[in-house]
Amino acid sequence: MSIIGLQLFSVWQDAEKDFLGTVQKVADLGYGAIQFAGFFQTPAQEVKRVMDSNGMKTAGAHVGINQLLGDELLKTFDYHHTLENNLLICPGLPKEMRLSEDDYKKAAETLNHIGETCKSSGFLFGYHNHDFEFDRIGDKTVFDLLFENTNPEHVKVELDCYWAAFANQDPFVIIEKYKDRVVSLHMKDLKIVNGKKMGTEIGNGQIDFEALIKLGNEFNIEWFTVEQEEFERDPYESLANNVNILNNFINKRTVK
């Protein structure tokens, strides 16, 4: 059964000011899990205490590439073992690692090595896309170049459905292609206002989330993770609406 989580970057300014208080606010909205994007020097035991007290799970964590290399990766393992989080996700590549096709191939080697090390230490490792991964190099997208040059057992897919749609790609086609390699979906809607693409609440845009949930369940995708970065009203009202809509879709399928 998939679980709806929130990528905490959605309210990063609040998290920076009051990390544990923000975690509690998210729990109060009805999310079953949180995906983290930094911990603002909060001890792992304190994070786990608040999560456990609310019965919440960890839907993975975005961890910058510098924290996934060398001795920093071992420190990352220690923190997440304490948190009981087994999914580490690289949130993207810095510009200096993606200047040419050779750079991407080297990046794939690096991601593969990180993933192999993660697997040997009991973690899953994934990569999260933005829109640049759908730029083309020759006859391939960067997305395919990265994942075709990494071991499916070592590097999993966290598909950001918004950024795929932003780049004029069909997230359903990508999920069908990578199937059980996809471990998490970023659920964020897209609309076009005056010719400009922008993020919006789930249900206000053009992505069919009910169908996404159906397809995600077919491939046993574990995490449906809400992320919203552009708001037209109070962020917590929007985030509450997002989880309610997705829960309704999940419950609708369960009743059937």
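Couple of notes before you dig in:
- The test for being closer than 20 Å to Ala240 by Cβ and assigned to a loop (DSSP other than H, G, I, E, B) does not hold for Gly21.
- Which listed residue is in contact with a helix residue (DSSP H, G or I) (Cβ under 6 Å, 6 or more places away or on another chain) and buried (at least 20 other Cβ atoms within 10 Å of the Cβ), from Leu29, Leu83, Leu68: Leu68
- The number of residues in segment 96-127 that are assigned to a loop (DSSP other than H, G, I, E, B), exposed (fewer than 13 other Cβ atoms within 10 Å of the Cβ) and at pLDDT below 95 comes to 2.
- Applying the criterion of being among the basic types (Lys, Arg) and part of a strand (DSSP E or B) to the residues of segment 181-212, the residue that is farthest from Phe249 (Cα to Cα) is Lys196.
- Whichever residue in segment 137-159 is acidic (Asp, Glu) and in a loop (DSSP other than H, G, I, E, B) and, among such residues, is modelled with the lowest pLDDT: Asp139
- Check on Tyr178, among the hydroxyl-bearing types (Ser, Thr, Tyr), in a strand (DSSP E or B) and touching a Phe, Trp or Tyr at 6+ places or on another chain (Cβ under 8 Å): no
- Candidates Leu93, Leu88 - the one that is at pLDDT 95 or above and under 19 Å from Phe123 (Cβ atoms): Leu88
- Pairs with Cβ under 7 Å, 6+ apart, first in segment 31-48 and over 12 Å from Phe9 (Cβ atoms), second at pLDDT 95 or above and basic (Lys, Arg): Gly32/Lys57; Ala33/Lys57
- When Gly199 is tested against the conditions (1) surrounded by fewer than 17 Cβ atoms within 10 Å (Cβ to Cβ); (2) farther than 30 Å from Ser121 by Cα, the lone failure is (1).
The values are calculated or read from the model by the stated rules, or taken from the named source; none is laboratory data. In this text the structure is predicted, and so the values were computed from the model without any measurement. Heads up, the Cβs are rebuilt from the backbone with ideal geometry, glycines too, and the neighbour counts pull from every protein chain shown.
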